[in-house]
Every structure is written in C-alpha cells, then in structure tokens.
Amino acid sequence: AAAALARLDALAAFAHAAAFAPGGRYERPVLDASPGAAVSVKGARHPVVEHADGVHFVATDYALDATRGRLVVVTGPNMGGKSTHIRGLACLAVMAQAGSLLPVAFASLPLFDTVLARVGAGDSLQRGVSTFMAEMLEASTILRLPPPRPLGGLGGRG
C-alpha cells in the first residue's frame, strides 16, 4: 500500500507542476530506446527555475546525436546560466523517464541508465584537496567509469 501511495503522490505532483506551470504548457516527451538515439529538445524551460518569483526564464534547445556530436562545450561569463543549462537537461531526462510531462515545446530523449553530473565548486582543504583538484578528481571518475547509456554534465572547470 505504501508503494502505491508513493506512486500516486509522485504522479499527482507531476500533474500539479504541469497544470500550474508559470512558463506555459508541459508536453509529453518521446522516449527512444534504440541504440544511439538522439537528444532533441525544443523550447525547454527549467522546471524549477521557472517557478522562482521575478525570474524570466528564456527557453533553450538541446541537440545531441552521432552526426552533430555527443559533446557540447557551453561557455559564457560567470553567473551566465551555464550550470542551469546543464542541470536543466538532466532534470528533464529524469522527469521524462519517471513518467512526467515536460516544460518543453517538443522533446525526444533516449533512455539513460545513469545521470552523471559535476557542477559547481567544492573542496576539501583540510585534507589538502583544492577546489581545482576536487573538480579534476570528480571529472576523472565520471569520464573513466561511464555506464553504457549515460547522460553526463560537467560544469565549472577551473
């Protein structure tokens, strides 16, 4: 009974988010289980950021496939939204695979077995690990141990 109630709670939360989204409609994503499936997202809004008071979120697109490349370098000034852009795709992928509608005009996503992310700074100076070293160690782990169908995001490289 607890599992059923938890599932119902999650679905109700998805429905509430879609019904009361301040940025516009939520759409049903297409999930593609074929090997090498592309990421194609048009007009994506960050499902958390768009709920912040006084924030105008500019919709963005994501395109990753074998012909255009599966690696994208996002550059820009500090506080320019790079990490939000990276986290936004990860959030959309998790929501889609959990059964939610998405804050997008259109989305076609492959099935991911893992979401790997390294965004933001952190350190362990008391153990002699600088912020830069912590970033490099975490990025190295992500790059060395990827599962067969990962979605990875690396941000904040020093």
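Just so it is clear, none of the values below were taken in a lab; they were calculated from the coordinates. For clarity, every value in this text was computed on a predicted model and none was experimentally measured. All Cβ positions, even for glycine, are placed from backbone atoms using ideal geometry, and neighbour counts span all protein chains on display.
Of note:
- Each peptide in 19-26, 52-59 receives the mean, over its residues, of other Cβ atoms within 10 Å, and ordering these scores from highest gives 19-26, 52-59.
- Take the Cα of Leu143, step 7 Å toward its Cβ, do the same at Val58, and the gap between the two points is 3.0 nm.
- Note on Ser130/Ala98: beta-carbon distance plugged into 1/(1 + (r/R0)^6) with R0 of 25 Å gives a FRET efficiency of 0.10.
- For Gly23, the shell of other residues with beta-carbons less than 11 Å away shows a net charge of +1, using +1 for Lys and Arg and -1 for Asp and Glu.
- Segment Ala10..Thr114, full-extension length gain: 35.4 nm, with 0.36 nm per residue of separation and the alpha-carbon distance subtracted.
- Between Arg28 and Ser83, the C-beta separation translates, for a Förster distance of 22 Å, into a calculated FRET efficiency of about 0.20.
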